[in-house]
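This report refers to the structure that appears directly beneath it.
The values are calculated or read from the model by the stated rules, or taken from the named source; none is laboratory data. On a predicted model such as this, the values are computed, not experimentally measured, just so you know. Every residue, glycine among them, receives a Cβ derived from its backbone with ideal geometry; neighbour counts consider all protein chains shown. What goes into the accessible areas is simple: the full protein's heavy atoms, side chains included, and nothing from ligands, DNA or RNA. Shrake-Rupley method; radii C 1.70, N 1.55, O 1.52, S 1.80 Å.
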Amino acid sequence: MTSPFTRTLLLSILASCIGGCMVGPDYQRPSVSMPANWSEAASNDDTTSAVPLEWWKLYGDVQLDALVQRALSTNLDLQHADYRIREARAMLRENRSALWPAVNASASAERGQQSANAPGVSPFIQGGDLGSGASLQNLFQAGFDASWELDLFGGTRRSIEAARANAQSAAFERNAVALSLTAEVARTYVDLRNSQAQLALSMQSAANQRDALSLVRSRYLGGLATDVEVDAAEAQLHSSEATLPAWETLSKQAIHRLGVLTGQPPEALIGELAASRPLNDTPPAIAVGLPSDLLRRRPDLQRAERQLAAATARIGVATAELYPRFSFDASGGLASFSASSFFDPHSIIWSIGPSLTWPVFRGGQIKATIEVRDIQAQQALLAYRQAILTALEDVENALAAYHDEQRHHDALAATVTSSRQVFERTRAQYQGGLIDFRGVLDQQQRLLQAEGDLERSTAAEWSKLFALYKALGGGWDKSAPHADTTVSSAPGHG
């Protein structure tokens, strides 16, 4: 039986293991000063409402919605990020296991012979007649051994803390990949529809110019037009036809890109996306939230903050090496030279006892490691602050680009309206014989150029809006908690 003193000592050590101190700094989320408002926000930008969770649906195209959902399910980069999460969580479980005793079982049956000339050199030291010459012996053994290192100073718990932060960081990294993927699918889809619209516009331009060429040739045969006018009409037709292959190539490249983004061969979506669709108008107002919302919305900022937490915890892991390590070791089992007496009570063997190790001299290695971990934590803090500044810059730039494109689009829309009116009047004047056909060609070219510019501006407006949503961190719900990165606490975590 153990003495009261021994029992008290054991209970004290166990209490210290479960609720003891943890060396190293306790992590505190750094406070960050954020601007009150966006300097590039427009007067009609909504800073109170949240961006819809499925923000790409603002485009209003079921085909885009289906492509995004497919990409989120089958994209290979996203699957790679999922495996990184699984890896990080497995490493967390590996670190947790160090809090519990390690128990091993073993069993063996051996037969050996002692040396008559060197009786002390024997496979079996226990028992036997060592002086009787060479003899054969059997040895049967079975049992277990256990070892439990007590985490008195929190080194193991700090390693669990770091592993948990790494697992959360991996989850936020996955969210960042998903955000970038969604934005790229949406932008590529708009590029596809713009290329198809430009191709259709160029084909319509070529058709119009064929009609114009036919008209001017008829007038030439009637002596009402010159050969210069015929040549000019032919040159304009060839110029329009020369743009067709470039827009066809851009359309095919966009389809190929969407195929790869959805985890398929490049040509997989050709049949599905070959038919053109018109570009939709952008929404009149957008929700941008406040700068402080970025800390919750941008997964790269959340990832950087978790990396800082992991780096801080690793300081504690290194600091714990300065302190002694306590462990309990125990073993027990059965051993016998005869199988018939293997389960006899006299075959029982056991041992139990505590052990202590304490680094006395390592040439400054431990303190140097602590300094390295502290410097790494400072670097992680600077990286977090820099990530915040970069995020603010991204949003301000995206807001400026989007609103500038809005103004550009409005000006182009007015240009198209004016150009169409001028073209109609010029065509009427030509048909009335008041002007030559060169004036009609010039006005038609200006109208087609204006219409093409307006289509490109519409596509650019959507692309810049998608870039803005990406810079804002995608859609989110203010009433919802942080992203699903919760990892349950480890046993004994204080």
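The table below gives the values:
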quantity	calculated
Filter pass, Ser147 being among the polar types (S, T, N, Q), open to solvent by 10 Å² or more (accessible area, probe 1.4 Å) and outside any helix (DSSP H, G or I)	yes
Residue check, Glu396 assigned to a helix (DSSP H, G or I), touching a His at 6+ places or on another chain (Cβ under 6 Å) and either at pLDDT 95 or above or of a type in the set (A, V, I, L, M, F, W, C) (or both)	no
Checking Arg438 against (1) at pLDDT 80 or above; (2) open to solvent by 30 Å² or more (accessible area, probe 1.4 Å); (3) touching an Asp or Glu at 6+ places or on another chain (Cβ under 8 Å); (4) closer than 30 Å to Tyr220 by Cβ, the condition it does not meet	(1)
Selection status of Arg277, open to solvent by 20 Å² or more (accessible area, probe 1.4 Å), assigned to a loop (DSSP other than H, G, I, E, B) and modelled with pLDDT of 90 or more	yes
So Asp293, is it among the acidic types (Asp, Glu) and within 26 Å of Arg174 (Cβ to Cβ)	yes
Scan of region 35-47 for residues that are touching a residue at least 40 places away in the same chain (Cβ under 8 Å), assigned to a loop (DSSP other than H, G, I, E, B) and open to solvent by 40 Å² or more (accessible area, probe 1.4 Å), ordered by number	Pro35, Ala36, Asn37, Ser39, Glu40, Asn44, Thr47
Condition check for Tyr402: buried (at least 19 other Cβ atoms within 10 Å of the Cβ), touching a Gly at 6+ places or on another chain (Cβ under 8 Å) and in a helix (DSSP H, G or I)	no
Unique residue being in a helix (DSSP H, G or I), free of Cβ contacts under 8 Å to residues at least 60 places away in the same chain, open to solvent by 60 Å² or more (accessible area, probe 1.4 Å) and among the charged types (D, E, K, R) when the list is Glu267, Glu234	Glu267
From the options Gln253, Gln302, Gln264, Gln307, residue that is under 30 Å from Leu152 (Cα atoms), touching a helix residue (DSSP H, G or I) at 6+ places or on another chain (Cβ under 9 Å) and not basic (Lys, Arg)	Gln307
Residue satisfying condition, being surrounded by 22 or more Cβ atoms within 10 Å (Cβ to Cβ) and in a loop (DSSP other than H, G, I, E, B), within set Gly316, Gly289	Gly289
Matching entry among Arg325, Arg362 (being without any contact (Cβ under 8 Å) to a residue 40 or more places away in the chain, under 49 Å from the mean Cα position of the chain (by Cα) and within 28 Å of Ala162 (Cβ to Cβ))	Arg362
Flag for Ala285 being modelled with pLDDT under 95 and over 31 Å from the mean Cα position of the chain (by Cα)	no
Criterion (open to solvent by less than 50 Å² (accessible area, probe 1.4 Å) and either at pLDDT 95 or above or not charged (D, E, K, R) (or both)) met by exactly one of Ala428, Ala414, Ala391	Ala391
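Residues are listed down the side, and each one gets a yes or a no for (1) in contact (Cβ under 8 Å) with a residue 60 or more places away in the chain; (2) over 30 Å from Ala254 (Cβ atoms); (3) touching a Lys or Arg at 6+ places or on another chain (Cβ under 8 Å):
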| site | (1), (2), (3) |
| --- | --- |
| Gly439 | no, yes, no |
| Leu447 | no, no, yes |
| Glu461 | yes, no, no |
| Lys464 | yes, no, no |
| Tyr469 | yes, no, no |
